[in-house]
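Novice: One structure, as structure tokens, below. Some questions next.
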Amino acid sequence: MKVKVVVNGKEYEVDVEEVMPGKFRVTLEGKTYEVEANLGIQVAPVQTQVATPAPTPTPTPTPVQAPTTPQVQASENVVTAPMPGKVLKILVQEGQQVKLGQGLLILEAMKMENEIPAPRDGVVKRILVKEGDAVDTGTPLIELG
């Protein structure tokens with residue numbers, strides 16, 4: 001699938017092929033890279049931003065715990081962080097109607113800006129994080145109703 005990637009404010013179009021669960025082949029400007037990623041969510045290709053891999057392996061980041069994460073019971077209505085990172089920008093407001101694949105927030109992980117899409121149509125019931133929060137994989141971000 002073709003996806004758009006933003007790196008340091010510059011937009012690229014890359015080809016992404018899932019080789020096996022969690023392993024991807026990414027082609028950027030004629031060069032092909034093997035990438036491992038555990039997204040934990042389904043993404044719409046138009047809304048997804050994929051990290052541009054370096055030719056050498058990168059170390060696994062140390063997970064960061066959010067200091068004040070609200071306690072929310074996991075359910076299909078809660079969008080969780082697919083990776084550790086920092087909430088850069090919240091793109092929606094409580095009470096707002098959202099569509100499948102619509103961007104909910106921007107999560108910075110390993111210096112990449114990743115748009116986290118809505119997994120389904122719904123209404124934003126609660127925003128569980130704020131801009132600047134550090135989150136770990138699985139941290140509840142937004143509750144849909």
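The values are calculated or read from the model by the stated rules, or taken from the named source; none is laboratory data. Nothing here was measured: the structure is a model prediction, and the numbers come from that model. Backbone-built Cβ (ideal geometry, glycine too); neighbour counts: all protein chains shown.
Novice: Take the range 97-144 and flag every residue that is without any contact (Cβ under 8 Å) to a residue 40 or more places away in the chain and among the β-branched types (Val, Ile, Thr).
Specialist: Within the range 97-144, Ile106, Val123, Val124, Ile127 qualify.
Novice: Test Gln49 against the criterion of being surrounded by 17 or more Cβ atoms within 10 Å (Cβ to Cβ), at pLDDT below 60 and under 21 Å from Asp121 (Cα atoms), and give yes or no.
Specialist: Numbers: surrounded by 17 or more Cβ atoms within 10 Å (Cβ to Cβ): yes; at pLDDT below 60: yes; under 21 Å from Asp121 (Cα atoms): yes.
Judged against the criteria, Gln49 is a match.
Novice: Name the strands (runs of 3 or more DSSP E) wholly within the range 81-145 that hold at least 3 residues that are within 20 Å of Lys4 (Cβ to Cβ)?
Specialist: 85-90, 103-109, 112-117
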